[in-house]
Amino acid sequence: MIRGEPSRGEHTLKGIPASAGLAIGKAVVLNVATGSSTPERIAPHEVEAEVSRFRVALEAVVAELVRASELARSESATVSSIIESFLLIVGDPIVTQSICERIGAGASAEAAVIAEYDAAKGTLVMANDPFLRERVQDFEHVKERVLAMLRNATLAHSVASDSIVVAGSITPQDMLFFKHSKTLGFVTEVGGINSHACILARDLSLPAVIGIRSATTEIVSGQTIIVDGFAGVVVVDPDEATLLEYVRRHHELAEHRKRLGELIGQPSQTSDGVGVKLYVNVDTPQQAVEAVMQGADGIGLVRTEFLLVQQGRYPTVEEQEEWYREIALRAFPLPVTFRAFDVGSDKFRIGIPHHEDNPALGLRGIRFLLFKPDVFEQQVCAVLRASANRNVRFMLPMVSVIDEVVQAKAVIERCKERLRAEGVDHDPNMPIGIMIETPSAALMTESLAASVDFMSIGSNDLTQYALATDRTNELVADIYDALHPSVLRLIAFVVDAANKMNKPVSLCGELAGHAIASEMLVGLGLHEFSVSPALLLELKSRIRATTHAACVERAKAAVFQSSTADVYTVLSQGRP
């Protein structure tokens, strides 16, 4: 449902910058339709037709989600898992049968859908397992999707072509559909900076501002608005002078992005000659090719969980080897870092006991792999088989204690012995690294560094655990921020310890691509970053435009602030 008629003059709404960029266009304001014009009860002779109407709506939702899943695989693996979870819910035969029984008892299709999904949500809310409680929003999303189909209230995404979408929130699949309809940008009332939709917006290079609580009431469809994804502001009904200024900036930005292509092949270093290695994060073999074409120094992170999401199971050694080898060959001779399956918490969960009181602090990452040695050994053997050209590295996720590294290395050595006995070519000296994602690992960096060849800071999870804030929970999204001084001090501590032990350390979380953080991170002593392919040249441009001395001063000013807001102020000023 779209509301609107343009009204008052220029005013600015302040939000959170979620995806950098500028968008200028007409607003399309989306409001969730409330209530239903259909009766709650139906007559006995209407039951058959009502069941048929429900099944048609359900099939339409399934078709929509399947299409979204296909788009996610080609555009961004980031959201594949959440869309797959929607498909599991909407395709649950028990839920479907229960809804049909409610209709048979005289409930309208809408009333039956609401009753059944609300009952499921009520059960999940009371569950001891936080993972199950977190699925409440998934059920709410599916319910609203089915109701929209029943009410013929679905939105044609093409309505937002060459326009800017303003909504309470944006689902990942809607964002994919809007992208293909040539939507210019997004404004939402809610959403965490690292929500699936925000990460996808950055992957797709779509400007976005979130956290404007009154967006759908302050803005009406048809108004001209400006989305400034750099500053986190939305200008509504800009006057002529403001509009001309932003049009000028928009043209400059377009020209800047064209010039970025000229940086391919140019050294990645500050203007005073300090080198910085730039790697990319990939999910597919094709992205490895794009990384090479853009002049990346290598593949800093291959999220091997993409295989699990893609297949819905743990692949065989042969299937894994083929996939790993293809990526390694496409990137050769550049180094490729495969992260071991990072399973658990809000990610792929097959093989994990169903009832964990707190999955974010439970069996995930390296803990799961050591709990399931057959899964771990199969992956290690597959990666080793793909390492024959000596450009493969292997990284352990979610390390918290040194014993985990010792046990994992023992498994890796057993796999090497097995391959040697079988006469299989592999790299006997394949570098082994770890992710620094927990405060315990950060504080023990020096000890851990003695046991591994390299380290990578995962700023997303490190932020979550340092601030004791669930990064998928929008209720605490205002607390979760990787630019909090405590997180910056942990990063600085890790870098200092790694440098002391002469071990390379990189940063591969979302913070690595944050527009205002680049100089500060270099100033903290980081000389390796891994970002999404879309951010590689932009990051190189920022590094080449500054001096190392300026970066150090920026870092000193940032880490000694007492709040996230103060850090933003310092970094936004462009000087300490």
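None of the figures in this text is laboratory data; all of them are computed from the coordinates on show. Being a predicted model, the structure only gives us computed values, none of them experimental. Methodologically, a virtual Cβ is constructed for each residue, glycine included, from the backbone with ideal geometry; neighbour enumeration extends over all protein chains shown.
Worth pointing out:
- Under 12 Å from Lys26, Cα to Cα: aspartates and glutamates that are on another chain or at least 8 residues apart: Glu5, Asp162, Asp237
- Added length on full extension, which subtracts the Cα-Cα distance from 0.36 nm per residue, Ala156 to Arg414: 87.3 nm
- Each label point was placed 7 Å from the Cα along the Cα-to-Cβ direction; for Glu326 and Ser486 their separation is 4.3 nm.
- Farthest toward the positive end of the dipole of the chain, out of Thr316, Ala60, Val280, is the Cα of Val280, where the dipole comes from beta carbon charges about the Cα centre.
- Computing FRET efficiency as 1/(1 + (r/R0)^6) for Arg213 and Arg67, where r is the C-beta to C-beta distance and R0 is 35 Å, gives about 0.65.
- Extended-chain gain in nm, criterion 0.36 nm per residue less alpha-carbon gap, Ala119 and Val56: 20.4 nm
- The chain: calculated mean residue ellipticity at 222 nm from DSSP helix runs of at least 4, using -39500 (n - 2.57): -14500 deg cm²/dmol
- For Lys503, the lysines whose Cα falls under 16 Å of its own Cα, not counting residues fewer than eight places away in the same chain, are Lys277.
- Length available on full extension from Glu262 to Arg249: 0.36 nm per residue minus the Cα-Cα distance, which gives 2.7 nm.
- Beta bridges assigned by DSSP with both partners in region 267-572 are antiparallel in approximately 5 percent of cases.
- Taking a straight Cα-Cα cut-off under 20 Å and skipping sequence neighbours fewer than 8 places away in the same chain, the lysines within cross-link reach of Lys556 are Lys500.
- Over 29 Å (Cα to Cα) - which of Lys14/Lys143; Lys182/Lys258; Lys179/Lys372; Lys372/Lys540 fall in this group: Lys14/Lys143; Lys179/Lys372; Lys372/Lys540
- Relative contact order (percent, whole number), the chain, Cα cutoff 8 Å, 6+ residue spacing: 15 percent
- If you plug the beta carbon distance of Asn502 and Ile402 into 1/(1 + (r/R0)^6) with R0 = 25 Å, you get a FRET efficiency near 0.85.
- Bridges between two residues of the chain, per DSSP, are antiparallel at a rate of about 35%.
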